[in-house]
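Trainee: The structure that follows is given in the form of structure tokens.
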Amino acid sequence: MSEAHDWKIGATGKLIRTEYKRLSIEEEQDVYNSNARHILDKRGRQTAEALEQSEEAAATRCTVAVLGAVEEERVTQSKQRQMRMVEENKRLAASKKEADRHKHAEYMSYDPTYY
């Protein structure tokens, strides 16, 4: 670190690759800048992915809520249909009971003038 030159330059004015010691200050800063860009890009992608996942989760929650409401309505309608059927059966049973009662009363009545 105490050396004044980052590398040796040969008699031709070109860099001697075998005597390479470290990056120049500009190259080192370029590496830092590149790393910072990569980190920012990665954080941006992570943020976008997190946003996309939260949107998907919200859509899933909405879908589940809609399907839950549909299922609840199906159960409610099924119960109502069952109740209407029970009421209709009660009405038919009462009507049959009344008709049977009339038939029984008619059967049990004796009319000697009928014969």
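Trainee: Give me the net charge for the shell around Ser34: Cβ to Cβ below 13 angstrom, other residues only, Lys and Arg +1, Asp and Glu -1.
Mentor: So the surrounding residues net to -3.
Trainee: Thinking of region 17-83 as a set of Cα atoms, what percent of all their pairs are more than 21 Å apart?
Mentor: When every Cα pair of region 17-83 is considered, 63 percent fall beyond 21 Å.
Trainee: Rounded, prolate or oblate: which one fits region 70-115, using the alpha carbon gyration tensor with axes a ≥ b ≥ c (rounded when a/c is under 1.5, else prolate when a/b beats b/c, else oblate)? Don't skip to the end; give the middle numbers.
Mentor: Values: a/c = 11.58, a/b = 8.84, b/c = 1.31.
Prolate is the answer for region 70-115, as a/c is 1.5 or above and a/b outweighs b/c.
Computed from the coordinates by the stated procedures, all read-outs in this text should not be read as laboratory data. Everything numeric in this text was worked out from a predicted model, so none of it was measured. Using ideal geometry, Cβ is built from the backbone for each residue, glycine included, and neighbour counts are taken over all protein chains shown.
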